[in-house]
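Working notes, structure below.
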Amino acid sequence: MLNQLKKEIKIAGKTIGKGFPAYVIAEMACAHNGRFDDAKALIKASADAGADATQLQLFDMGHVVTPTNELFPILDRISFSADQWKELTDYGRQLGIDVWACTYDVPSVELAVKLGVDGIKLNSADLSNPEVVEAVAKSGIPFTLGTGASTLDEIRGGLETAVKHGAENIILMHGVQNFPTQIEDLNISKIQLLREEFEIPVGYHDHVDGDNPFGKIVDLIAIGLGANIIEKHIALDRSKEGLDYQAALEPEEFKLFVSNLKKAHTAYGSKEPKPFTDSELRYRKFQKKSIIAHKDLKAGDTLKREDVFFSRNNDAGIPPTKFPEMEGKKLNRDIPQFENLKLEDVT
């Protein structure tokens, strides 16, 4: 049933999948603290940092929490109107950054669709919430599906619900959304498990303490294990300890973070055999040892081991492993001291 899910997903001209650079989402969440200008500043900072996408967090107060929940007054205070979300979405497009929406309920999914976002995020809270999964699946918009604290059966069930309603472009996201997540709880190897089990793109949402230096490099490990999307929180000023600041990076930190992720993709290269690069050819010339004349050798001499030595030369010649093919044969030309020998020099 899951065979229709795509292994490569295209979003705004970028491909998410094996062998492609990690797609970086700057998660604004509620770090705007209800201030519209701060929300715009976070989108601008995300674009300036080189992130592929900015991620808004949409919710409907009638569905996200009950009025008696301790979070209700906070969320009610920081919520934006549909018109404000449209203005923010349009602003992101003006800056050339993809716009994603983290949704928590059917009304916010409907708003995300109306806004025409490039992608939708579903937390693991909705993995077993068929109504929300169905709404996103029917939209046709690519989406990430959180898997934190979920069993493989729960994940498979969520995928099956999505596929049943037409979804094709899904990225599973690994990550434990405690704020912040302790290093011993990361279990980044689960990325490999999800890739092998479901054979679709897998991403990693990172919630390591923003003040922890390891939080700035842990995502490099995730990329090495095959993460196709990296999601990281961004905040204007972590020291103010506003909402969603714990695992966030500040703008300049985020810029370096994105730069390092891009460098990591380049550094990982490919495990597939391929012709030597110019760099590798230069290295071979510099490093590899050759069969070299130990003294002046004359045509007609029988080549013996003491006539040569194995060392690096100005130019790489044939390797010492070839000497047994030459030993005991007659030289057919004069070879000056310190010159490389060739296989055709003996008969």
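The values are calculated or read from the model by the stated rules, or taken from the named source; none is laboratory data. Values in this document were obtained by computation on a predicted structure and should not be read as measured data. Neighbour counts are summed over all protein chains in view; Cβ atoms, including those assigned to glycine, are modelled from backbone coordinates with ideal geometry.
Residues of segment 157-177 include none that is outside any loop (DSSP other than H, G, I, E, B) and modelled with pLDDT under 95.
If I filter segment 213-223 for residues that are within 21 Å of Trp100 (Cβ to Cβ), in contact (Cβ under 8 Å) with a residue 40 or more places away in the chain and of a type in the set (D, E, K, R), do I get at least one hit? Yes, segment 213-223 contains a residue that is within 21 Å of Trp100 (Cβ to Cβ), in contact (Cβ under 8 Å) with a residue 40 or more places away in the chain and of a type in the set (D, E, K, R).
None of Phe323, Phe338 is in contact with a helix residue (DSSP H, G or I) (Cβ under 9 Å, 6 or more places away or on another chain) and either modelled with pLDDT of 90 or more or surrounded by 14 or more Cβ atoms within 10 Å (Cβ to Cβ) (or both) except Phe323. Taken over segment 244-255, the criterion of being free of Cβ contacts under 8 Å to residues at least 60 places away in the same chain and under 18 Å from the mean Cα position of the chain (by Cα) is satisfied by Leu249, Glu253. Please determine, by comparing only the residues of segment 256-290 that are touching a strand residue (DSSP E or B) at 6+ places or on another chain (Cβ under 9 Å) and in contact (Cβ under 8 Å) with a residue 40 or more places away in the chain, which one is nearest to Arg312 (Cα to Cα). By that ranking, first place goes to Ser290. Only one of the numbered conditions (1) surrounded by 11 or more Cβ atoms within 10 Å (Cβ to Cβ); (2) assigned to a helix (DSSP H, G or I); (3) of a type outside the set (Lys, Arg) is violated by Phe309, and that is (2). Name the pairs: first residue in segment 120-134 and closer than 24 Å to Thr89 by Cα, second residue of a type in the set (Asp, Glu), Cβ to Cβ under 6 Å, at least 6 apart or on different chains? Partner pairs satisfying both residue conditions: Val132/Asp126.
In segment 1-107, counting only helices (runs of 4 or more DSSP H) that sit wholly within it, the ones holding 2 or more residues that are over 24 Å from Leu220 (Cα atoms) and modelled with pLDDT of 95 or more span 36-48, 82-94. When Leu122 is tested against the conditions (1) aliphatic (A, V, I, L, M); (2) over 30 Å from the mean Cα position of the chain (by Cα); (3) surrounded by 23 or more Cβ atoms within 10 Å (Cβ to Cβ), the lone failure is (2).
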